[in-house]
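Enquirer: First the structure, which I've put down as structure tokens, then a few questions once you've had a look.
The values are calculated or read from the model by the stated rules, or taken from the named source; none is laboratory data. Since the model is a prediction, treat every value here as computed from it, not as a measurement. Cβ placement follows ideal geometry from the backbone for every residue including glycine, while neighbour counts extend to all protein chains displayed. Heavy atoms of the whole protein, side chains included, go into the accessibility calculation; ligands, DNA and RNA do not. Shrake-Rupley method; radii C 1.70, N 1.55, O 1.52, S 1.80 Å.
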Amino acid sequence: MSRSSFASKSYRTPAIVLRTHKLGEADRIVVLLTPSHGQVRAVAKGVRRTSSKLGATLEPFMLVDAQISTGRSLHVVTQAQIRSPYGQRLAADYRSYTAAHAMAETTERLTEEDHDAAAQYRLLHGAFAALARGDHDPSLVLDSFLLRSVATAGWTPSFSRCVRCGSPGPHAAVNVPLGGVVCADCRPAGSLSPAAETIGLLDALLTGDWPRAATAQAPARREAANIVSGYLQWHLERVVKSLEHVERA
Ligand SMILES: [Zn+2]
């Protein structure tokens, strides 16, 4: 549907606040992720006044029900109610908060306006919920999210079968541009030779095998984080700045 066909209309949608920035004296631009309208950039008016209820609702990482009025150039958030106050819970823990930032920045890069983003929405919602519950190490939740997020965008990695010929693993080498493990026959120059524990961890993070992921020691976690970040940046062709602020175990 083109933008003009729903000009001046209004719709209601669940949304996750990815980012906000100031607009003029009292307003704010909010970048939202919605399941059926993809990424939505909209103005929230008057939200920087202390009396604004909308302002407290439209904070980063909040899951809200939003009423959005669509205009030719700018959309406007006219109402919003909190569904899950992830923003408040995540702000209470520095490592979770920085992990959420990196997730939101990645999601903003991987989604577009007026596109179905149901899978990315579910993934981000699940990751924020996991961070808020504090079930797992925040940096493991982040790396699992990043791998699945890149997979959802169409670049599915593999840490079990060789990404070139499909032969079953375990394989000892990882090629970041190819997206995972490569067998001894396929291994191109420039492939990495991480510890077997690191490859096992990457596979556990991709498949959501938390009991297995939790057994990984700090060196494997760090090595896996570097590989995930390399894979993400290979596809985004840019550095994800907020990844640099995440404290690793
Ligand atoms: Zn192979």
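Enquirer: Does anyone have the angle between helix 118-133 and the longest principal axis of the chain? Alpha-carbon axes, 0 to 90°, nearest 10?
Expert: 80 degrees
Enquirer: A further question follows. If I ignore ligands, DNA and RNA and count only protein heavy atoms, how much of ASP65 is accessible to a 1.4 Å probe, in Å² to the nearest 10?
Expert: 40 Å²
Enquirer: Could you give the angle, 0 to 90 degrees to the nearest 10, between helix 196-207's Cα long axis and the longest principal axis of the Cα atoms of the chain?
Expert: The angle comes out at about 40 degrees.
Enquirer: Another one. Here are some pairs, LYS9/LYS45; LYS9/LYS241; LYS53/LYS241; which of them have Cα atoms lying more than 24 Å apart in this structure? Present the calculation step by step, with values, prior to reporting the outcome.
Expert: Numbers: LYS9/LYS45 18 Å; LYS9/LYS241 36 Å; LYS53/LYS241 31 Å.
From LYS9/LYS45; LYS9/LYS241; LYS53/LYS241, over 24 Å: LYS9/LYS241; LYS53/LYS241.
Enquirer: Rank THR13, THR50 by accessible area, highest first, at a 1.4 Å probe radius? Intermediate results must be reported in sequence, preceding the final value.
Expert: On the way: THR13 5, THR50 150 Å².
From most accessible down to least: THR50, THR13.
Enquirer: Please tell me the relative contact order of the chain in percent, rounded to the nearest whole number, where contacts are Cα pairs under 8 Å and at least six residues apart.
Expert: Working: 473 pairs, mean separation 37.9, N = 249.
This gives 15 percent for the chain.
Enquirer: Taking only the C-alpha atoms, wrap a convex hull around segment 3-88 and report its volume per residue in Å³ as a whole number. Kindly include the intermediate steps, with their values, before the conclusion.
Expert: Values: hull volume 7.0 nm³, N = 86.
It is 81 Å³ per residue.
Enquirer: Let me ask something else. Which percent, nearest 5, of DSSP beta bridges in the chain are antiparallel? Please report the intermediate quantities before stating the final value.
Expert: Working: 33 of 36 bridges.
Bridges in the chain that DSSP calls antiparallel: roughly 90 percent.
Enquirer: Between ALA151 and GLN79, what is the label-to-label distance in nm when each label sits 7 Å out along the Cα-to-Cβ direction?
Expert: 3.9 nm
Enquirer: Distances longer than 16 Å among the Cα atoms of segment 136-245: what percent of all pairs is that? Provide the component values of the computation, followed by the final result.
Expert: On the way: 3238 of 5995 pairs.
Cα-Cα pairs of segment 136-245 separated by over 16 Å account for 54 percent.
Enquirer: Using Cα atoms only, what is the angle between the long axis of helix 138-152 and the major principal axis of the chain, expressed in degrees (0 to 90) to the nearest 10?
Expert: Rounded to the nearest ten degrees, it is 90.
Enquirer: Another question, if that's okay. Tally up the carbon and sulfur contribution to the accessible surface of the chain as a whole percent, 1.4 Å probe, everything protein left in place. Walk me through the numbers before you get to the answer.
Expert: Values: 5910 of 11800 Å².
Exposed carbon and sulfur together represent 50 percent of the surface.
Enquirer: Using just the Cα positions, wrap the chain in a convex hull and report its mean projected area in square nanometres, one decimal place. Please list the in-between numbers first.
Expert: Values: hull surface 56.8 nm².
Here the figure is 14.2 nm², rounded to one decimal.
Enquirer: Please list, ordered by chain and number, the residues whose modelled amide H lies under 5 Å from the amide H of LEU23; skip anything fewer than 5 residues away on the same chain.
Expert: ARG28, ILE29
Enquirer: How do TYR121, TYR97 rank by accessible surface area computed with a 1.4 Å probe, from largest to smallest? Show your work: numbers first, answer last.
Expert: Values: TYR121 20, TYR97 70 Å².
Largest to smallest exposure gives the sequence TYR97, TYR121.
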